[in-house]
Structure formats: structure tokens, C-alpha cells
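The values are calculated or read from the model by the stated rules, or taken from the named source; none is laboratory data. Everything numeric here is computed off the predicted structure, so don't read it as measured data. All Cβ positions, even for glycine, are placed from backbone atoms using ideal geometry, and neighbour counts span all protein chains on display.
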Amino acid sequence: MDHHAHMHHGSEASPMDMGHGGMPSGGHRCQMSMLFTWNTQDLCLVFRWWHVSGPLSLIFSLLGVVVLCMGYEYVRSRARRYDASLDATMPSDLPTEDSTLLTPGLVRKKKSGKLVKGAFYGGQVFYSFFIMLLFMTYNGWVMIAVALGAMLGYLVWGDDEPSGKSVACH
């Protein structure tokens, strides 16, 4: 009796397979863990091409995460500085009966300032959600790299903000 047609030979992809379709067996696969882990074997960070394949790629990946998170703090700092410079150029009080109305140049500056502030805000939201995806690998090493990058970024660029600030996604 031939049971060959009923046997699984491991060539089918499982529903949770995060591998690279079409790769020969023995190739690397991205593993997705929904539990906290320190395991770095077959760890992929956000993209399939960002695959940890050994100790050296782990070190470079963690350094990349630290730099990315420091960059987020830099963007936040630039947004705060832009807000402060915009506030410094705008009149601090509302027009009164004795003051002149807003000039067209000031209205244009307020609108363009709001557009730039909105772009900063949208960029920060995108950036913070990307960092959240890194954190959601549930890998302890990546989580430490995120926290270290946020801390170093704050130490370098966060001196103009109180430490009790709120963070949205990291």
C-alpha cells in the first residue's frame, strides 16, 4: 500500500511561516514570537531583509536600533526648536482695538508654520510607530536597544524638555 501521497515532506509552508518563498531548504526564515524571548536565531526586524544571521549582524542590528531611536529624539528636539522659533516671531498677544489687524504676511507665516508643524507631527507619529514595531519583536535585546537609544537621544538632545515628558509609542 503506497502512502506517499498522504505524507508531509516539509515542503509546504505553515500558516505562520514568515520565510522567503522559493528559497531552498536550509535557508533562513523569519521567526515571529508573541512571547518575550532572548533568542536571536532567525530574528528579522520589521523587514525580511533585516535578518539577524549571526553575532556580527546582531551587534550591527542592535546598534542600528540604538541610532534609530536616538534619531527619533533628534526629530523631537528639532520640532520643539521650530515651535519655539515660530512662537518667538509671532505676536504674543491678541489684536486689540488699538493694534493693527494681522498683516497678510503674518497670516501666510502662520499657515506655513502650521503646515511645517503638521509635517513634524506626522513624521514623529510614523517614526514612533516604526519603533513600536521594533519593540514588538518581543526580543529582549531589541527592547534594550530601543530603551538605550531613547535614553542616549534624550541625553544628547532632550536637555530643553523635562524628564517627565510623555511618550506615545516608545
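Things worth noting here:
- As a summary of the residue check, Ala88 satisfies the conditions (1) at pLDDT 80 or above; (2) more than 29 Å from Thr40 (Cβ to Cβ); (3) surrounded by 13 or more Cβ atoms within 10 Å (Cβ to Cβ); (4) hydrophobic (A, V, I, L, M, F, W, C) except for the one numbered (3).
- The requirement of being modelled with pLDDT of 85 or more, part of a helix (DSSP H, G or I), under 28 Å from Ala145 (Cα atoms) and in contact with a Lys or Arg (Cβ under 9 Å, 6 or more places away or on another chain) is fulfilled somewhere in segment 101-121, by at least one residue.
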